[in-house]
Amino acid sequence: MEKSKRPFLKSKRSFRRRLPPIQSGDRIDYRNMSLISRFISEQGKILSKRVNRLTLKQQRLITIAIKHARILSLLPFLNNEKQFERTKSTARTPGLRARKK
């Protein structure tokens with residue numbers, strides 16, 4: 001019984017290289033809302049560098065631009081639409097706990 005020379009040979013699968021999320025012509029700026037909004041989650045959080053597939057320098061610039069936009073009220077700090085819907089449905093009624101005199 002002969003052992004194969006390469007027992008852990010990986011299969012040669014073709015993969016499609018993903019396009020970078022920021023093109024060379026895109027300016028990372030707090031006014032570029034179409035670019036900035038791609039890097040924010042539904043809750044309004046800044047997505048990580050690993051999720052965004054950005055370089056460290058690009059991630060820093062995106063983070064600074066998002067923070068500038070939030071301070072200038074171009075972006076919300078939090079996206080609480082679901083939380084507001086929940087609080088409206090579970091609102092307490094004041095008449096349930098009436099104190100006896």
Subtract the Cα-Cα distance of LEU74 and LEU56 from 0.36 nm times their separation in residues, and report this length gain in nm to one decimal. 4.1 nm
Amide H within-cut-off set for LEU75, under 5 Å, with H built and near neighbours excluded: ARG70
Total charge of the residues flanking TYR30 in space, meaning their Cβ is under 11 Å from its Cβ, with Lys and Arg +1 and Asp and Glu -1, is +3
Taking a ≥ b ≥ c as the square roots of the eigenvalues of the Cα gyration tensor of the range 33-72, is the shape rounded (a/c under 1.5), prolate (a/b larger than b/c) or oblate? oblate
Tell me the label-point distance for the pair LYS49, ARG31, using the 7 Å Cα-to-Cβ offset, in nm and rounded to one decimal. 2.9
For every other residue with a beta carbon closer than 15 angstrom to the beta carbon of HIS68, add +1 if it is Lys or Arg and -1 if Asp or Glu, then tell me the sum. +4
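A short reminder: the numbers here are calculations on the coordinates, not readings from a lab. What you are looking at is a predicted structure, and each value in this text was computed from that prediction instead of being measured. Glycine gets a Cβ as well: all are built from the backbone with ideal geometry, and neighbour counts include every protein chain shown.
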